[in-house]
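Comments concern the structure below.
The numbers here are math on the coordinates, done by the rules we state, and not lab data. Quick caveat, the model's predicted, so the values are computed rather than measured. Neighbour counts run over all protein chains shown; Cβ positions are idealised from the backbone, glycine included.
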Amino acid sequence: MGYDRWENFSKAITRAKQACDNSGVSVESHFRDTTRDVTLGSGATRSIADVKLTRYACYLIAQNGDPKKEEVALLQSYFAVQTRKTEIIEQRMGEISRLAGREALATAEKKLYPYTQITHNKTAQEHMYTPNHAAERRQGCDTGHRKRCTA
């Protein structure tokens, strides 16, 4: 990530651990402090501090790194773009799901429509509702056969 010294990189790790903890996420699940042996120029080996990271930890480190470093700035930009892509995909999936639900409802209503029109052995024609239906009944018109009122 462009750090020349471990001490500088460890500051970003410390900030990332703090962000993880402040978010209520278990730090130990994402940052595992370990040691590893390195060979020195003289051929001797020495143990040094190291950290095993999850993908989430890498993301937090990138977000908490030094944006003056090109690698960090590129990572921050990459994660911002990926986040937006994910938001767009989730939005589109929600729209597709909503449209599928509307189509299923329309299909079910079309199947049920005939059953809502015929009751008590009367035909759909006899139960048809018109905007003048209420007025016709008040005027005593023969609404059973849909004769027009002339009054």
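Please compute the modelled spin-label separation between Arg32 and Arg98, points set 7 Å along Cα→Cβ, answer in nm with one decimal.
Result: 4.3 nm between the two label points.
To the nearest 0.05, how large is the calculated FRET efficiency for Ile89 and Lys68 if R₀ is 30 Å and r is the Cβ-Cβ distance?
Once rounded, the FRET efficiency stands at 0.40.
If you filter the range 1-59 for trypsin sites (Lys or Arg not before Pro), then keep DSSP loop positions with at most 13 other Cβ within 10 Å, what is left?
Numbers: sites: Arg5, Lys11, Arg15, Lys17, Arg32, Arg36, Arg46, Lys52, Arg55; in loops: Arg5.
The qualifying sites are Arg5.
Could you give the semi-axes, largest first, of the ellipsoid that matches the range 1-72, computed as the square roots of 5 times the alpha carbon gyration tensor eigenvalues and rounded to whole Å? Mind dumping the intermediate values first?
Values: eigenvalues 122, 55, 14 Å².
That gives 25, 17, 8 Å for the three semi-axes.
For Val27, Val72, Val81, what's the fewest-to-most ordering of other Cβ within 10 Å of each Cβ? If you can, show how the numbers build up before the last one.
Details: Val27 16, Val72 20, Val81 10.
In increasing order of surrounding Cβ atoms, one gets Val81, Val27, Val72.
Between Asp21 and Asp50, what is the label-point separation in nm under the 7 Å Cα-to-beta-carbon projection?
That separation, rounded to one decimal, is 2.5 nm.
What aspartates and glutamates does Lys85 reach when the alpha-carbon gap must be under 16 Å and sequence neighbours fewer than 8 apart in one chain are set aside?
Glu95
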